[in-house]
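Here the structure is laid out as C-alpha cells; the discussion comes afterwards.
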Amino acid sequence: MTVPYRAPADEAEALRVQEELRSRVDLVGPGPAAPATVAGLDVAYATSGDRLAAAVTVLDATSLAVVDEAVSVGRPAFPYVPGLFAFREMPALLAALDRLTVRPELLVCDGHGVAHPRRFGLACHLGLVTGLPAIGVGKTPLVGTWTGPGPRRGEWSPLRDRGEVVGRVLRTRDGTRPVFVSVGHRIGLDDAVERVLALTPRYRLPETTRTADRLCRRALAAGGDRG
C-alpha cells in the first residue's frame with residue numbers, strides 16, 4: 001500500500017506530515033533477499049541554490065552495471081529547513097522515478113531513513129510513496145552518537161539517538177570514513193547493511209550513489225531536463 005505525496009503549504013504542515021506518516025514505516029521487512037535491480041537516488045544543487053537536478057540510476061544488482069536512468073531538473077519545492085529536505089527534493093525525485101522503464105526492487109537514497117530527528121527521513125518518505133523497500137545511506141550523520149566502528153570493511157557500530165538505535169555506522173572500506181546506514185521502509189537493518197556492503201565492492205560509497213551523483217551533476221551542468 002502506498003501513500004500519495006502531499007506537498008505541504010508551510011513548515012508546520014511539513015512537520016505534521018512527518019509526524020503522521022512515521023508510524024506507517026515498516027522497519028522489519030524483510031526486504032528483497034536477492035534483488036535483481038537496485039536504484040540509486042541523488043540530488044545536486046546549482047551554486048545559487050535555486051535549481052536542482054534529481055537523478056535515479058537503476059543497477060543490475062550482480063554486475064552493478066547501469067541498466068536504466070532518468071533525471072528531472074527544476075527548482076526546489078520547499079524552503080531550506082534542516083530535517084525537511086525531503087520536501088525540497090521529493091517532487092523531482094518522483095518525476096525521475098516515473099520516467100524509468102525498469103522498476104527497481106530496492107531504493108538506496110543518498111540521505112537518511114529513520115536516522116532523522118523525527119524518524120522520518122527521505123528514504124522513509126520515498127519508500128511509503130513508492131511502496132518500494134528503501135535504505136538511507138548518509139555520508140555524514142544527521143542525528144546520533146556512536147563509538148567506533150573498527151577499521152576493517154564490514155565492521156559497524158550502533159548509531160544511537162535519545163537512547164534508541166536508529167542505524168549503523170558502517171565501514172565499507174578498510175581505513176576509510178564510515179557511512180551511516182538506516183532503514184527507510186520495508187527492510188530490516190541487518191538486510192540494509194548487507195545490501196550496502198554488496199554495493200561497495202571498490203569504493204566507500206555505494207555504486208548506486210556514485211552513479212546517481214554523476215548523472216545529476218552532468219544534468220545540472222548541461223542545464224537540461226531529460227528522462
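Quick notes
- Spatially, segment 21-35 and segment 176-222 are offset by 17 Å when compared through their Cα centroids.
- Residues whose amide H falls under 5 Å from that of Val166, counting only those 5 or more places apart or on a different chain, are Leu159, Arg160, Asp161, with hydrogens built in the peptide plane.
- For Gly188, the shell of other residues with beta-carbons less than 14 Å away shows a net charge of -1, using +1 for Lys and Arg and -1 for Asp and Glu.
- Hull volume per residue, based on the alpha-carbon atoms of segment 76-127 and their convex hull, is 72 Å³.
- A simple spin-label model places pseudo-atoms 7 Å from Cα toward Cβ; at Ser63 and Tyr45 they are separated by 3.7 nm.
- Charge tally in the Cβ shell below 13 Å around Glu89, where Lys, Arg are +1 and Asp, Glu are -1, Glu89 excluded: +1
- The distance between label points at Arg217 and Thr101 comes to 2.8 nm (points 7 Å beyond Cα on the Cα→Cβ vector).
- Using θ = phi - 60° in the Karplus curve 6.51 cos²θ - 1.76 cosθ + 1.60, the 3J(HN,Hα) couplings for segment 123-136 round to 5, 5, 5, 5, x, 5, 6, 8, x, 8, x, 9, 10, x Hz; x is entered for Gly and Pro.
- Once the 1.4 Å probe is applied to the protein heavy atoms, the chain comes out at 44 Å² accessible per residue.
- Farthest towards the positive end of the charge dipole of the chain, among the residues Gly148, Pro133, Leu100, is the Cα of Gly148, using unit charges on the Cβ of Lys, Arg, Asp and Glu.
- Solvent-accessible area, 1.4 Å probe, carbon plus sulfur percent, for the chain: 51
- Three semi-axes describe the equivalent ellipsoid of segment 56-179; taken as square roots of 5 times the Cα gyration tensor eigenvalues and ordered largest first, they are 26, 20, 12 Å.
- For segment 45-51, 3J(HN,Hα) computed residue by residue from phi via the Karplus equation (6.51, -1.76, 1.60; θ = phi - 60°) reads 10, 5, 4, 5, x, 9, 8 Hz, glycine and proline entered as x.
- Proportion of all alpha-carbon pairs of segment 158-227 beyond 15 Å (%): 63
- Estimated vicinal HN-Hα couplings, Hz - segment 176-186 in sequence order (Karplus 6.51, -1.76, 1.60; Gly, Pro = x): 9, 5, x, 10, 10, 9, 9, 6, x, 5, 6
- Treating r as the C-beta distance of Asp190 and Lys139 and R0 as 35 Å, the FRET efficiency rounds to 0.95.
- Under 5 Å, built H, 5+ apart or other chain: amide partners of Val67: Val58, Leu59, Asp60
- Simple label model, 7 Å out from Cα along Cβ direction - Tyr80 to Ala33, nm: 4.6
- The tail of the calculated P(r) for the chain beyond 31 Å holds 14 percent of all Cα-Cα pairs.
- Helix-only CD estimate at 222 nm, as mean residue ellipticity for the chain, using -39500 (n - 2.57) per DSSP H run (n ≥ 4): -8000 deg cm²/dmol
- Highest-fluctuation residue, Val71, Val25, Val129 considered, GNM on the chain with Cα pairs under 10 Å: Val129
The values are calculated or read from the model by the stated rules, or taken from the named source; none is laboratory data. Note that the structure is predicted; figures quoted are calculated from it, not measured. As a convention, Cβ positions derive from the backbone with ideal geometry for all residues, glycine included, and neighbour counts pool all protein chains shown. Just the protein is used for accessible areas: all its heavy atoms, side chains included, with ligands, DNA and RNA removed. Shrake-Rupley method; radii C 1.70, N 1.55, O 1.52, S 1.80 Å.
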